[in-house]
Amino acid sequence: HRLNFQLRVKTDSAGGLFRWAPAFNMQNGRTAAFENTSWKNEAGKETNAINRYTQSATDGITVSNELLYQKPLAKRGRSFSTQLSSSYKTGKAAQLNFNETDFLLNDTTLLKNSTSSRLTQNTTVHEETFRAGWTEALGKKFLAEITGKAGLSDNTNARKTFDYNSANDAYNLLSDSLSNSFRTNWQYALAGAKLKFTSGKLTLTGGVSQ
């Protein structure tokens, strides 16, 4: 299931262009899968078989916002613009895994091996981006644009795996080797320049960014 909501508010006047665009997204999903695989020898006898069952559930919410302002200046082709974008996303996931392997001889089970575990995962993503641009007309056919962009991102991820505990019929045995958590945080700044040439129906654009 998915729910999307987006609002766009836009005003355009002699004072400039202003746009506000908040958005909200909520989604959840449920899946289940069963797989059976078997092997046979040259005599057609089954030697081993594997049964797999997986059940998963995911839920997530995303909230974002965008603010844009563009101001035309006195000279033709000259303008200044700023843009601020923000987003925050949180998600939860749970997965149940069951694997059973049978080793057989003459259609008789010699050994049965089964494993069962439950995985939980929680994530968050927070991003902020700011962009500023300046355009300048160079004659009648050329338009130059200089832009600057800065942003930051903060992400977390916590994953835990629990093995099945037959003593109390629950998934409460934490598996350290399959569990971890981490956080990433980074910032960046970029600058760019672009030149646009227009003549009739012909338009050429080239630029650099760093």
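Structure notes:
- Among residues of region 179-193, those that are assigned to a strand (DSSP E or B), over 30 Å from ALA144 (Cα atoms) and open to solvent by less than 70 Å² (accessible area, probe 1.4 Å), counted: 1
Residues are listed down the side, and each one gets a yes or a no for (1) modelled with pLDDT under 90; (2) among the aliphatic types (A, V, I, L, M); (3) loosely packed, with under 15 Cβ neighbours inside 10 Å; (4) in a strand (DSSP E or B):
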position	(1), (2), (3), (4)
ALA150	no, yes, yes, yes
ASP154	no, no, no, yes
LYS160	no, no, no, yes
TYR164	no, no, no, yes
SER177	no, no, yes, no
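- When region 65-90 is filtered for residues that are in contact with a strand residue (DSSP E or B) (Cβ under 9 Å, 6 or more places away or on another chain) and small (Gly, Ala, Ser), the ones remaining, listed by number, are GLY77, SER79, SER81, SER85, SER86, SER87.
- Looking across region 1-21 at every residue that is basic (Lys, Arg) and open to solvent by 70 Å² or more (accessible area, probe 1.4 Å), the one that is nearest to SER81 (Cα to Cα) is identified as LYS10.
- Leading residue by the ranking (farthest from the chain's Cα centre (by Cα)) among those in region 194-210 that are under 30 Å from SER87 (Cβ atoms) and part of a strand (DSSP E or B): LYS196
- Residue in region 54-75 that is charged (D, E, K, R) and not in a strand (DSSP E or B) present: yes
- Restricting attention to region 166-175, the residues being open to solvent by 60 Å² or more (accessible area, probe 1.4 Å) and in contact (Cβ under 8 Å) with a residue 12 or more places away in the chain number 2.
- Close contacts from region 128-144, counting a first residue that is on the phi < 0 side of the Ramachandran plot and open to solvent by 60 Å² or more (accessible area, probe 1.4 Å) and a second that is in a strand (DSSP E or B) and basic (Lys, Arg), with Cβ to Cβ under 8 Å and a gap of 6+ residues or different chains, come to PHE130/LYS149; ARG131/LYS149; PHE142/LYS196; LEU143/LYS196.
- Test: residue in region 29-44 that is within 30 Å of GLN6 (Cα to Cα), at pLDDT 85 or above and surrounded by 15 or more Cβ atoms within 10 Å (Cβ to Cβ): no
- Qualifying residue in region 93-112 (condition: in contact with a Gly (Cβ under 9 Å, 6 or more places away or on another chain), free of Cβ contacts under 8 Å to residues at least 40 places away in the same chain and either farther than 30 Å from PHE18 by Cα or aliphatic (A, V, I, L, M) (or both)): yes
- The requirement of being under 29 Å from PHE103 (Cα atoms) and open to solvent by 40 Å² or more (accessible area, probe 1.4 Å) is fulfilled somewhere in region 54-63, by at least one residue.
The values are calculated or read from the model by the stated rules, or taken from the named source; none is laboratory data. A quick note: this is a predicted structure, and the numbers were derived from the prediction, not measured. Note that each Cβ is placed from the backbone with ideal geometry, even for glycine, and that neighbours are counted across all protein chains shown. All accessible areas refer to the heavy atoms of the entire protein, side chains included, with ligands and DNA or RNA removed. Shrake-Rupley method; radii C 1.70, N 1.55, O 1.52, S 1.80 Å.
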